[in-house]
Each structure stands twice: as C-alpha cells, then as structure tokens.
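None of the figures in this text is laboratory data; all of them are computed from the coordinates on show. As the structure is a computational prediction, the values presented were derived from the model and not from experiment. Here the Cβ is made from the backbone with ideal geometry for all residues, glycine too, and neighbour counts use every protein chain on show.
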Amino acid sequence: MTSRETLALLAVGLPAVTALGVIIVPRRAVQAVALAGLAGSGAAAIALAVVALADPAALEVSDWVVIDAAAGLMVGVIGIVGLASALASPAFLATTTSGLFGSVHGTRAYYAGLAAFVAVLVAVPLAGNLGAAWLLVEATTAASAILVGFSGKPRALEAGWKYLLLTSLGLGFSLLGIVLLASATPGGTLDLLSWRSLAADVPAGDTTLVAFLLIVVGLAAKIGWAPVHNWLPDAHSEAPPPVSALLSAALLPAVLLVAWRVERALEPAVGEDTGRSVLIGFGLVSLAVAIPFLWRPLAWKRLLAYSSLEHMGVIALGVGFATPLALAGVAVHIVGHAVAKALGFYAATPLLGHEPRAAGHAVTGIARTQPGLGATMGISLGTLAGLPPSPLFLSEILVIAGGFQAGRSWAAAGTAVMLALGFVGLAHALVETTGGRARRRDREVAPGLRPVMALGAASTVILLALAAAAFWLPDTDIVEALARGIG
Amino acid sequence: MSGTLAWAVVALGLAVVVVRRRSVAVALVTAQALLLGGVAFAEAENADDATAALALAVRGVALAALFLVIVSRTREPRPVRAGVTPFARAGLAIGLALALTWLVPSIGLESGQSERAMLALVAFGAAVVATRRATLHQLLGIVLVENGIVLGAIELPGGASLGIELGVALDLTLIALVAAVFHERIFAEFGSGDTAVLESLRD
C-alpha cells in the first residue's frame, strides 16, 4: 500500500471508526473520543492533501479509488473544515439541546452524525468510479439531513425534510442518467463506470447526451446550483453552525468535483463545448439568482447560504472555462471560500447567544458592542465579498480572465458584472452588520466567542497565505494537473 | 421482462399516484418491489445477479415493515388531503411519463416495454413528490423513482453491478430511516404528517 493509499484509508476510516466509537463509549467520554477521532482524521486528510499537491503529476487511479491533485485539494479542504467544525462543536452544544434526539442522547447522536458525515465526505473526492461516487453522495444526504434537523425545531424539521426529499429526488434522476450511460456503453453493464473507462468507452450519441444532462442536473440539486437550489438556504440556515460550515464549505464543492469529473470523462462523447457550456450555464444562472438576495437584509446564516449559491456559481464558471487561469482561480476559490464561509458559520454560535433575534433577522452594529465577534464576522464577509486582499478577489479575477482566455467573452463579461453587483450587496451587508446601529448594548462577552476568535485568527493567516499563493499558482504543476485531470 | 409484467409494474405505480390511504400505497410499492425482485431472480444468469435480486426483495420487505410501523405509530385523525385531485394527479403523472418517453431516446434495454416502464415509474415518482402533501406519500414517491431505476438496471443487456445494486439498496434504506425519524418528529410537533405545515422558510 502506498503512502497516499494509507493516508486515504486513515482519512476515511478514522471518522468512520469514530462514528461507531461515540455510539458505544460511556456518555462522559463521547466528546473526547469524537474530538480525538476527528482531529486524527483531519490530520490524515491534510497530510494526504500535502502529499498529493506536492507531487501533482503522480496519479493513483484504479477502478474504485482516485488520488489526484483535485482529490488532494478537496480532501485537504474537508480535513480543515472537518477539524474546525469538530473544534467549534463543544461551544455550540453548550448552548443548545436536541429536540430530535433529546438531551440525553443529543450529544452522542450529534458527534456520531458529524463523524459519519465527515467520513463519507472525505470519500467522495476519492471515488474512482461514477457509481461509487453516486452512492457516497447519496450517503452524505442521510448523514447530514439528520444533523440539519438536530434542533428539532419546526423550521429545522422543515429544512431537513426539504433537503432530504429534494436532493434524494435529484440524485434519483442522476441515477437514471447512470443507467442510461451504462446502457450506452458496449456490453451495457454498470461495471464500466470508472472515470477512465467512461472517457474511453462511452460512445457519442443522443443517449449519452441525455444521460450526461440527467447526471449533472441531478448533482446540481445537491450542489445547490440554481435553479434547483431550493433546499440550500433553508438547510444552511437551520443546521447547527458547525454542520452548516461543512455543508457549505465541504459538501457543495465535493459534489461539484464529481460533476466536474463527469463532465471531463464524458467530454469525448458529448463534446467539449457542450459539456463545458452546461457548467457555465449553471454558473451564470446561480450568480443571477443569488445576487438579488445578497442585496437584501437577511439573517446572518441565510445571507451566508445565498453567498454559497454565488460561490458555487463562480466555481462552476471556472471549471467550465477550464483554462489554466480559470483553474488556478477555482483552486484558490475552493479553499478561500471554505475557510471564510466556515468561519462565518462558526461566528453564528456566539452571535445567536448574544442576539437570539439574529436567527430570523439581519443584525446590525455587532462590532460596536462585540468587537471580537464583529471582527470575525467582518473577516468572513469581507473575504466572501471579494474585498482586497481577499483571496477570493484574486480568484474571481483569475476566473474572469480565464473566461476571456477560453474565448467565452460574453460569459466572462457577464460574470464580471454580476460579481461586481454581488460585491456591492455583500459590502453593504458588511458595513451594516459590523458598523451599523447596534440594537443591543450588552457588552458581555458572547458565549462561545473565544474558540471562534481563535479559529478567526488561524483563518486570517490561511487566507493571507492563500492570497499570496494565488499570484504564483497559475504557472505551477498543480494547475497543469488539474487541467489534465485523470486522463 | 414480459409486456404483461411491465404493465403490471406500471399499473401499481399509477395506483400509488391516486390512492388516498398511506397503508394502501405502502402495499402497492412493496408489491412492485417484490415483483421486480421476482423478475430479477428469474432473469439471473449467475450468483451475483441472484444475490442482487435477493437484496432487492429484502429491501422491499424491510421498507414495507418500516413504513407500516410508521403508519401504525402516527395515526392521522383523517387522511392528509393531497391538494390536487386524484384525476389531476393521474393526468399529470401520465403527461410527465409521456414527456419523458418522448424526450429520452431509445437506450437499448432488453425490451422497449421495459424502457417505457422505467421512465413511467420515474415520472410517477416525481409526480407523487410534487403533488402529495403527506410526508409518507412523498417518501413513497422517492421509492417509486428508485424502483423505476432498478427496473432499468435489471434490464441492462450486460446486467447490473452487484456492488452498485447493493449500495443503492442500502442507501435507499438509510434515506428511508432518516425520513422516518423526520416524519415521526414532524407528527409529534404538528400532530400531522402534512407538509403543508412546513412552509415558514421563505424569502
């Protein structure tokens, strides 16, 4: 077994074992076991990312597992966010009880669900086979839906039910596409679904095109691309903050990677232009749908949710443009978005402790009474808005430049205009949220603020390092490996 | 699969679209799954195929047991109204099935009847999710979609992959279990499994 395979096994296996462990250990040991297991898993995932990105030309591909630069990048992101979510969980659990599982079993159920969710999430980018990837994406629904409804409150139940139903239905259509694809392959069997065999064996034709569209549209329902995004704002806003962070920063881009792999694998059959145009179409529609909501005064977590819709649109555009510049932008954007968005969701725990009204209404003037919390929220929102020196400012420039480089000038210009509009909306939200008129005068430190501020400091370092890395990334082997894919 | 069996599977699916009672819908979906399991077993060419057929039948029975437990634990004072009349639901479902049949090219399953039956079940499932308000009916819509896809997988000329089929059965069972938890909690919170009460999250 190679070092990559060992690390991949640890990154997936540790959280899976942790999920089982927290079910059987005594109640007082649940949190310690969960945090230790998720810390180990995070370390293994980050180590795998370092190994994969240090030598991006080296590929490990089999019918069931793929460890390439894209998988390394995504596993690293999931490792970081999974670890941070685990660290942010004790503060969240100290402020709430579960209506779904009760106060006795709530903590155990939460950590079991969280560890299971992380285990499946890490496995998604490593799937070397469309069938396995589908199964894992579907499994993330089961693990995460229960966490979305964790509070048991009516709004959480509504969000969880909607998420479960809409994503399952969408993935049903994806599975139909997979069956169509299997029928189109020589021999008509589901055994030939590894990424490489899809690229080599699937013939061109109407069936393949319809199959491709069904698969991507079904996955779009899980990624949260407009117009099949209806579950996204509800689930992100009602889930526990550490889970919202995982949903937005890790789940959405992980499933997007699957959609990208499908597009890359089927390019020879459906045509490069067609495949990429579908992704660009989803990207533009997602931006167009998200921007009006970024201009509205929304509750903090709901604002972050609509920002996820915008950023998944940007990533879709980047992979659709598929030039080295655009792919460098995609890599920076995935990491930058994950760090900033996760931080924003973690800040929701002290925010809701300080001002419970923030669950359903826009908040203003937080920095006036809670400077630490205001600074954390400001770093998150400023980064997500693309305010320089945010790495997302640079990644968006790279994606737009990549669009022009790809000869898709209209799409690139449209992207630039919509991102500018989105920036204005989020910048306004940033000013109002941090420096507007404060509703509460309570200066007592918000509960759960200290771990969030520590995560905020670490996030700031990562974001600044990422902004610096964005300058040299386009000329590196990493981007070349992303452009080459598995083939 | 013979034409008669394909039509029987479709008729069971259409019945799920129109019936009012949850227990009847559960029985229909289970009968459909068992019929598909029987077809898969009859057409099995090796041990893997037979195992996949057995898994399909076990999944059908397990889901039936789960759904009947749900029905017995969450008795509705009166059946949840669908909001759309049975005739309208049937019309929508058939229209959707015809549209899918028209849009999707021939895909080379072992018979044209199987292709049409597969697409009809997917359409019926989507119609159930879109038009029914009862949580259990919506969940049965998802199962109906999966049954349609299972039919397609059975009728693939090269046969389905055992690993994928077992995985799909396991995934669907997990989703059903999680949905059961939600259903019970929604019932406990609102006194009904009517999704019309779940409309507070809007922008």
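Annotation: amide H of A:Ser194 within the under-5 Å range of A:Leu130, sequence separation 5 or more or interchain, hydrogens built in the peptide plane. In the protein assembly as shown, the ratio of gyration radius to Kirkwood radius, Rg to Rh, stands at 0.96 when only Cα atoms are counted. Report, to the nearest 10°, how far helix B:162-190 tilts away from the longest principal axis of the Cα atoms in chain B, using its own Cα long axis and a range of 0 to 90°. Once rounded, the angle reads 10 degrees. In a fully extended conformation the segment linking A:Val61 and A:Arg440 would gain 130.9 nm over its present Cα-Cα distance, using 0.36 nm per residue. Charges were assigned to the Cβ only: +1 to each Lys and Arg, -1 to each Asp and Glu. The resulting dipole of the range A:247-338 about its Cα centre is roughly 380 debye. Peptide B:171-177 has a mean of 5 when you count, residue by residue, the C-beta atoms of other protein chains within 10 Å of its C-beta. Rounded to the nearest 500, the 222 nm mean residue ellipticity of chain A from helices alone is -26000 deg cm²/dmol, with -39,500 (n - 2.57) taken per DSSP H run of at least 4 residues. What FRET efficiency comes out for the pair A:Arg357/B:Leu68, r = Cβ-Cβ distance, R0 = 56 Å, nearest 0.05? Here the calculated transfer efficiency is 0.80. If a spin label sat at a point 7 angstrom from the Cα of B:Asp203 along the line to its beta carbon, the backbone N atoms of the range A:342-364 nearer than 13 Å would be those of A:362.
Here the relative contact order of the range A:391-487, from alpha carbon pairs under 8 Å that lie six or more residues apart, stands at 42 percent. Within 10 Å of the Cβ of each residue in B:179-187, the mean number of Cβ atoms contributed by other protein chains is 5. Dipole of the range B:37-143 (Lys/Arg Cβ +1, Asp/Glu Cβ -1, origin at the Cα centre): which of B:Ala126, B:Val71, B:Ala47 lies farthest to the positive side? Positive-most Cα among the choices belongs to B:Val71.
Please work out the FRET efficiency for the pair B:Glu45 and A:Ala288, using the Cβ-Cβ distance as r and a Förster radius of 51 Å; give the result to the nearest 0.05. After rounding, the FRET efficiency stands at 0.50.
I'd like the distance between the alpha-carbon centres of the range B:115-194 and the range B:1-71, rounded to an integer number of Å. Centre-to-centre distance over Cα atoms comes out at 11 Å. For the range A:91-241, the spread of Cα coordinates along the three principal axes comes to 56, 28, 18 Å, biggest extent given first. Here the simple spin-label model places points 7 Å from the Cα toward Cβ, and for A:Leu20 and B:Ser23 these points are separated by 3.9 nm.
Other residues with beta-carbon under 14 Å from the beta-carbon of B:Leu198 carry, at +1 per Lys or Arg and -1 per Asp or Glu, a net charge of +1. With respect to chain A, whose longest principal axis is taken over its alpha-carbon atoms, helix A:324-346 is tilted by about 30°. Neighbouring Cβ atoms from other chains, within 10 Å of the Cβ of residues in B:147-155, number 4 on average. Modelled spin labels at A:Ala204 and B:Leu170, positioned 7 Å past Cα toward Cβ, are 3.9 nm from each other. Between helix A:449-472 and chain A there is an angle of about 40 degrees, using the helix long axis and the longest principal axis of the Cα atoms.
List, in the order given, every pair from A:Lys162/A:Lys341; A:Lys162/A:Lys222; A:Lys162/A:Lys301 whose Cα-Cα distance in the structure shown is over 19 Å.
A:Lys162/A:Lys341
Only helical runs count toward this figure. For chain B, summing -39,500 (n - 2.57) over DSSP H runs of n ≥ 4 and dividing by all residues gives -26000 deg cm²/dmol at 222 nm. Close amide H contacts of A:Val65 (hydrogens built in the peptide plane, cut-off under 5 Å, sequence separation of 5 or more or a different chain): A:Gly128.
Each Lys or Arg adds one and each Asp or Glu subtracts one; over the other residues with Cβ under 14 Å from the Cβ of B:Gly125, this totals +1. Ellipsoid semi-axes for the range A:377-462, based on the Cα gyration tensor and the rule √(5λ), read 33, 16, 7 Å when sorted largest first.
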